[in-house]
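The values are calculated or read from the model by the stated rules, or taken from the named source; none is laboratory data. For clarity, every value in this text was computed on a predicted model and none was experimentally measured. Positions of Cβ are generated from backbone atoms using ideal geometry, with glycine treated the same way; all protein chains shown enter the neighbour counts.
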Amino acid sequence: MKTRDWIIVLAALAIVAASSINMLRAQDTKPAAAAEVPEEHVISVNGEAQLSVKPDIVVIRIGVTTQATTAQASMAENATRMNALIAALSGAGVKKEEMRTVSFNVHPVYEYPHNAVPKLVGFRTTNSLLVTVSAEFNVGALLDKAAAAGSNQIDSVSYQVKDLAKYRDEALVKAMEDARHRADVLAKAAGVTIKGVKSIVESGGYQPRPEYEYMRMAAKTVADQTPMLAGELTIQFNVTVQYIF
């Protein structure tokens with residue numbers, strides 16, 4: 001083979017070798033495939049807990065409604081009766097800081113004759129207080145004194161718990177314990193072992209005793225003391241937990 005032919009062959013081999021090296025380098029620079037994440041297996045359970053506690057406060061919404069031919073007269077009468085109500089509550093042992101105004105309104109009152117234009121007949125004034133006292137208070141006697149002083153509107157009486165957070169935390173702990181117990185039972189039956197927790201969702205909450213509702217008590221005379229029973233409150237919390245196995 002002539003010298004020129006050898007040169008051509010060697011040049012061709014050099015080109016092929018360079019191309020192979022570049023291809024190998026390009027393959028080495030490709031990002032590594034992401035490692036496969038193993039599929040998680042979970043057991044989903046609900047845990048619940050209920051606590052029965054005695055209420056320590058009672059919240060009363062009470063007030064006066066008056067009506068007169070003019071707004072000024074209606075408001076004046078309302079003010080007189082509200083002052084008497086506040087004095088009666090204070091005399092029964094309710095502190096000033098335990099009372100606060102929650103609503104006050106004055107609006108016109110109309111009659112609607114058949115096939116006639118509505119007729120203005122007066123103005124109605126409503127003033128409401130929110131009273132919060134200890135559950136040990138004699139609430140029945142307090143309501144009787146309020147009615148005697150001129151209150152003709154007792155909207156609700158609700159027994160509650162002042163420090164709900166204390167009982168909430170206890171209920172949540174018990175709900176988690178219940179959830180773990182259920183998960184352990186299921187895991188044992190399935191022949192698997194719980195390794196951890198994937199998620200927790202909280203639900204539920206405080207369930208107050210139903211309020212005592214009162215209709216307007218205008219012109220009503222209470223012969224005996226109004227009975228009031230505090231009973232117990234139910235505090236309930238639920239959790240939904242996913243356990244990994």
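Here Leu142 passes the criteria (1) modelled with pLDDT of 90 or more; (2) farther than 17 Å from Leu85 by Cβ; (3) surrounded by 15 or more Cβ atoms within 10 Å (Cβ to Cβ) except the one numbered (2). Tell me, please, whether a residue that is of a type in the set (Phe, Trp, Tyr) and farther than 17 Å from Ser158 by Cα can be found in region 103-110. Yes, that holds for at least one residue. A Cβ distance below 7 Å, combined with a sequence gap of six or more or placement on separate chains, defines the contacts here; from region 153-174, residues that are surrounded by 18 or more Cβ atoms within 10 Å (Cβ to Cβ) and of a type in the set (D, E, K, R) reach residues that are in a loop (DSSP other than H, G, I, E, B) and modelled with pLDDT under 90 in the pairs Asp155/Tyr214.
Which of the following residues is basic (Lys, Arg) and not assigned by TED's automatic domain parsing to the domain that holds Gly91: Lys145, Lys174? Walk me through how you get there before you give the answer.
Numbers: Lys145 fails: not assigned by TED's automatic domain parsing to the domain that holds Gly91.
So the residue among Lys145, Lys174 that is basic (Lys, Arg) and not assigned by TED's automatic domain parsing to the domain that holds Gly91 is Lys174.
Of all residues in region 88-107, which are farther than 15 Å from Ile60 by Cα, loosely packed, with under 12 Cβ neighbours inside 10 Å and in contact with a strand residue (DSSP E or B) (Cβ under 7 Å, 6 or more places away or on another chain)? Passing the criteria: Asn105, His107. Being at pLDDT below 90 and of a type outside the set (A, V, I, L, M, F, W, C) is a property that holds for Glu40.
Would you confirm, using the coordinates I've provided, whether Tyr243 is surrounded by 11 or more Cβ atoms within 10 Å (Cβ to Cβ), in contact with a strand residue (DSSP E or B) (Cβ under 9 Å, 6 or more places away or on another chain) and at pLDDT below 75?
Details: surrounded by 11 or more Cβ atoms within 10 Å (Cβ to Cβ): yes; in contact with a strand residue (DSSP E or B) (Cβ under 9 Å, 6 or more places away or on another chain): yes; at pLDDT below 75: no.
For Tyr243, the condition - surrounded by 11 or more Cβ atoms within 10 Å (Cβ to Cβ), in contact with a strand residue (DSSP E or B) (Cβ under 9 Å, 6 or more places away or on another chain) and at pLDDT below 75 - is not met.
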